[in-house]
Amino acid sequence: MIDYLSEYKEYYKSRELRYADNPNYKNSYEAEVNISAAMNSCNELDEFQEKVGNLPDKCAFALMKDEYLMEQKHFEKHEEPFRKLICDRVIEGLNSCNNVQDAITLALDANNEGSMAINADEAQREFIYNLRELDKIEIYSNAEIPEKYKSEFAASVQEIKDKMVEGMNRQESDNRKFNPDWTEKPETCLERRHRRLIPLNDEHTKEQLSIYKSIINR
Amino acid sequence: MPIDSFMLDPMLKTYKDMLQQCIDDGSEGEHLIGMETALKRMEDLGQEHSDIAAYMGILMQEDLQAKFSDHYGKLIAATSKTQSDSNSEGGYDDASMLQQSVNALKGAIKSIQDNFDSMVAGAKSYDPHENIDAEMEFAQRHLAAQQGGMQLTDEQVAQMKSESHTNIDKEIEEKPAAYDSSVEIELINDPTAIIKPIQELIDLGEQEGMSYPKFLRLQMERGLDKAMEGNGVIREAKVENIKQAKASAINPYNIAIAEEELSLFDELAAENKFGCPNPKELSLKTNSIERKYANKIAIWEDIEERWGSINFGILEDLNHWAISYCKHAPFIKPWSLAKDPKKAVINTQDTQPGIIKEKLRLLKKYYGLEFEDIFKHPTFKWSVEHFTNDFSQEYTTYLIEKIYPHCKPFSHLPSEQIAEQEKIESKDTPDIKTNPEYLKPLINQKEYYDSRFGEGRFESKYGKVKNELDPKAEVWNLSSFRYSQ
């Protein structure tokens, strides 16, 4: 004859142990301790349905909270404000959730909105993609060449600049389909999440940024 | 003009399939209606818009995909609750709950297997003729919709289709698997590693004397729940990433990233009481590894491109400048592509030294590297050690000693040097320019590919690795290349 009550007590104890000693899962551990305590307080299996209340939902909320807290800390460390904002919204919103489905909807909405913000932010990387073109402008503008080629080189420089402006216009037009207020702000590339993709040092990056901004007039 | 069905149908198929599945399962109620409403709106918008980017923008602004998913999730949750409530009516029924779990796992195996079989069948039945026909019909419709765009007649499209079919058939004769990825799809998506732990769970659940709480406890304690999430597959993928990174040998950082990710996996697995890394911890720490190397990779690639022997790097420019003095220059690329090839050749002779000087100035400005420093730099040594340098040691030495000294603004290559270059370029003299091991990167990739997908698979798909250049230079020996010392 199986002693279901003892087996459930063992099961909930195991759930506790899953998160014990893991500093990243303090809330989950506490929630599991509470549900395990509720189970341990039962003398009959039937008592659990009443005693458990919404403790299972609280375990789900606690797990979500712990994992979003981990992500929040990670994105704070890496200076990713838009990714961190998703975490902030979920962690805050969990306080108002009544059930697991609400929590799922909360996470879905926060991630969807967050994705749009991340895409809009990463669309600011046009400056980075144009670094080689900025080089070409400098090379063709300064190269020591016979006089007869200077107008041709000047024309090449102008063509590159025109393409940059065209690229900026296209980027703004495409992004405004998702976000009507989107404007190219190249200085955004100085922020760490974008800056790590730029090979030049700070002084040279700022120099090239200034040139790029004057070309696209932003 | 609506979004073409060629693009719209694949986008909406998943949602249509999910909705149909719910209808077939007998679902009803507000959430089913919610799914239908969201999907109908997506379909209607697809008819109202002609621009795919604008369409995607509206979908996101109206949150339609999220709304659909939200209703779907709530429908599934409501269905589960109904089942769970009916279980608890009439007292605790352990056998029924255990059976339900085991049945769900069996259903999961069936679903995984069915998806896999469908994927492989799709790959095996892929018809490149049919696909190119659909692409051309789409192009015809798309162009017709553009104001002032090129119009293709049915006869023109038929002609293009026929030519494409002929080209495809010719390609398949040489590369039988050129349009067949069934082997790769079968191997990459092989569900065995995922199904095995699920089956182990089913076996556990069907053991004599098993109870539902014991089943739940044991699966956790044995890490079977984590295994079912694909931990074994993840580790295997990380092992493959290392092999791929080494076979490609693009830079040392890609290899370092792959190796560190595997070490991280094993470290977290060892620390975990159930022997499996926590997925969230693994994902975040993996992300940190990638971020650590992002700037190093950007710098490596920038330096490499600046001095490189391809993509208009300094060494390639020197090579081009030297060739431009040869008689045959107007008849080869890039000059042959110009409106006036002879004028283009003169242009290169006259302007390239000034351009190279500027490129060297920027290399020094940004990285403190002079021309001579290129050959001591880790990016250069890596290119030699991993056979990605196009030029032989002999030709590189020649460029440094015989071409570079003359490559100054307003100067030209002296006639004796032109004669030497003509000799190097001549088809009648052995090729001492090309790196004799230039095929090694491709061979390494072929070996890796065949080791993964079967002997001969690389050639069947991508064609034979042909030595078309017949280089005769000695292989690189960095220890004897004084410019690297």
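The values are calculated or read from the model by the stated rules, or taken from the named source; none is laboratory data. Note that the structure is a prediction, hence the values are computed from the model and not measured. Backbone-built Cβ (ideal geometry, glycine too); neighbour counts: all protein chains shown. These area figures cover heavy atoms from the full protein model, side chains too; ligands, DNA and RNA do not enter into them. Shrake-Rupley method; radii C 1.70, N 1.55, O 1.52, S 1.80 Å.
Observations on the model:
- Rolling a 1.4 Å probe across all protein chains gives residue B:297 an accessible area of roughly 30 Å².
- The spacing between region A:5-35 and region B:121-143, judged by their C-alpha centroids, is 54 Å.
- Helices that extend 18 Å or more along their long axis by alpha-carbon positions and average at least -1.0 on the Kyte-Doolittle scale are, among the DSSP H runs of chain A, A:26-40, A:55-77, A:81-94, A:100-122, A:202-216.
- Environment charge at residue B:436 (Cβ cut-off 12 Å; Lys +1, Arg +1, Asp -1, Glu -1): -3
- Working note: 222 nm ellipticity from helices only, DSSP H runs with n ≥ 4, each -39,500 (n - 2.57), summed and divided by the residues of chain B, gives -22500 deg cm²/dmol to the nearest 500.
- Mean projection of the Cα convex hull over all viewing directions, computed for region B:1-83: 5.2 nm².
- Violating pairs (Cα-Cα greater than 32 angstrom) within the set B:110/B:464; A:136/B:343; B:364/B:464; A:73/A:206; B:243/B:464; A:136/B:333: B:110/B:464; B:364/B:464
- For region B:344-395 versus region B:1-21, the spacing of their alpha-carbon centroids is 51 Å.
- For region B:251-316 versus region B:404-471, the gap between their alpha-carbon centres in whole angstrom: 30 Å
- Rounded to the nearest 10 square angstrom, residue B:37 shows an accessible area of 80 square angstrom against a 1.4 Å probe.
- Buried on complex formation within region B:295-343 (loss of at least 20 square angstrom of accessible surface versus the isolated chain, 1.4 Å probe, ligands and nucleic acids ignored): B:295, B:298, B:302, B:305, B:306.
- In terms of distances greater than 30 angstrom between alpha carbons, the cross-link table entries B:214/B:285; B:106/B:175; A:9/B:273 yield B:214/B:285; B:106/B:175.
- Kirkwood hydrodynamic radius (C-alpha pairs) into Stokes-Einstein, region B:162-202, 25 °C and 0.890 mPa s, D in µm²/s: 191 µm²/s
- Every helix of 4 or more DSSP H residues in chain A counts as -39500 (n - 2.57), and over all residues that averages to -23500 deg cm²/dmol at 222 nm.
- For region B:159-267, the alpha-carbon radius of gyration amounts to 1.69 times the rule-of-thumb value 2.2 N^0.38 Å expected for a compact globular protein.
- Straight-distance candidates among the lysines for linking to residue B:40, with alpha-carbon spacing under 29 Å and chain neighbours fewer than 8 residues away dropped: A:177, B:13, B:16, B:67, B:74, B:81.
- Pairs of Cα atoms nearer than 8 Å and 6+ residues apart set the relative contact order; for chain B it is 12 percent.
- Residue-wise HN-Hα coupling along region B:231-245, computed from phi with Karplus coefficients 6.51, -1.76, 1.60 (Hz; x: Gly, Pro): 4, x, 5, 4, 4, 4, 4, 5, 5, 5, 4, 5, 4, 5, 4
- Expressed as a whole percent, the accessible surface of chain B that belongs to carbon and sulfur atoms is 52, based on a 1.4 Å probe.
- Kirkwood Rh in Å, taken over all unlike Cα pairs in chain B: 29.0 Å
- Sum of side-chain charges, residue A:101 neighbourhood, beta-carbon under 9 Å (Lys, Arg +1; Asp, Glu -1): -1
- Under 12 Å, Cβ to Cβ, from residue B:228 - net charge with Lys/Arg +1 and Asp/Glu -1: 0
- Per residue, the convex hull around the alpha carbon atoms of the protein assembly as shown comes to 212 Å³.
- Between A and B, buried accessible area from a 1.4 angstrom probe totals roughly 5200 Å², ignoring ligands, DNA and RNA.
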